[in-house]
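Down below is the structure, laid out as C-alpha cells.
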Amino acid sequence: MKLYFLIASLFVSMTAVAQDQIEDAADSAQTEVEAVVPNTRPIEEIEVISRRSFHSLRLNIGFAEEKLFSTFNELNTDDDFDIRCRKTRLGSSRIQKHDCYPAFFDEAIAEHAQDYARGRYILLTPNEIRVHQQGNFEKLEATMLKLAEEHESLRKDLLELNVLEQEFKVRQEACMKKPAVLLLFRRC
C-alpha cells in the first residue's frame with residue numbers, strides 16, 4: 001500500500017513539474033511575441049511642476065551664466081572682452097563662489113598684483129580696480145547689447161539668465177519676510 005502511495009505521489013509531482021514547464025514555455029513564447037509586435041498604445045506623459053529649491057536655482061543661474069558667456073565669447077571678436085568663469089574661495093574659508101570676469105579685468109588685477117609685489121602701488125581691492133576699468137566695462141556692455149540685438153541665441157540666453165535671477169531675487173525677498181527659526185535661521 002505504501003508502495004502505491006509513493007508511486008502515486010511521484011506521478012502527481014512529475015505531472016506538476018511537467019505542467020510548470022509547459023506553462024513556462026508558453027509564457028516565454030508569449031513574451032517573445034510581445035517583444036516582436038510593437039505596442040501601438042501612446043506612452044503617457046507625466047509632468048511634475050514644483051518650485052525649484054534655492055540650491056537648484058543657484059545651479060541653474062550658474063549654468064545659464066556659463067551658457068550666456070560661452071555664446072558671447074563665440075560671437076565676440078575682441079579677446080579682451082572674453083568672459084571667463086571660475087570658482088573662487090571667499091577669504092580663507094573653503095566656501096567656493098562662482099565668479100565670471102572679462103579678460104581685461106583679470107589682466108588688470110594681475111598687473112596690479114605684480115605692481116604691488118614690486119612696491120609700486122598700495123594694494124587695491126577688486127572693486128577699486130573695477131572703478132579704474134569702468135570705461136572698459138561700459139564698452140563691454142555696449143558690445144554685449146549690440147551682439148544681443150544681432151543674434152537671437154545671445155538674446156535668448158540673456159533673457160533666460162534674467163528670468164532666473166529675477167525668480168531668485170523674488171523668492172529670497174519672500175523668504176526674508178518669513179520669521180526666522182530661533183531668531184537666526186531661515187528655512188530657505
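We did not get these values from a lab; they are worked out from the coordinates using the rules stated. Every value quoted in this text rests on a predicted model; they were computed, and no experiment measured them. Cβ coordinates were reconstructed from backbone atoms using ideal geometry, including for glycine residues, and neighbour counts include every protein chain displayed.
Taking the range 84-121 as the range and being loosely packed, with under 13 Cβ neighbours inside 10 Å and of a type in the set (Lys, Arg) as the test, the residues that pass are ARG86, LYS87, ARG89, ARG94, LYS97, ARG118, ARG120. Scanning the range 62-83 for residues that are exposed (fewer than 13 other Cβ atoms within 10 Å of the Cβ) and either touching a Pro at 6+ places or on another chain (Cβ under 9 Å) or assigned to a loop (DSSP other than H, G, I, E, B) (or both) gives THR77, ASP78.
Results for (1) over 18 Å from ILE61 (Cα atoms); (2) not aromatic (Phe, Trp, Tyr), shown as yes or no for each residue.
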{"site": "TYR116", "(1), (2)": "yes, no"}
{"site": "GLY119", "(1), (2)": "yes, yes"}
{"site": "THR143", "(1), (2)": "yes, yes"}
{"site": "GLU150", "(1), (2)": "yes, yes"}
{"site": "LEU154", "(1), (2)": "no, yes"}
{"site": "MET176", "(1), (2)": "yes, yes"}
{"site": "PRO179", "(1), (2)": "yes, yes"}
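Taking the criterion of being of a type outside the set (A, V, I, L, M) and under 20 Å from HIS55 (Cβ atoms), the residues of the range 173-188 that qualify are GLU173, CYS175, LYS178, PHE185, ARG186, ARG187, CYS188. With a requirement of 3 or more residues that are of a type in the set (S, T, N, Q), the helices (runs of 4 or more DSSP H) lying completely within the range 88-188 that satisfy it span 134-150, 152-177.
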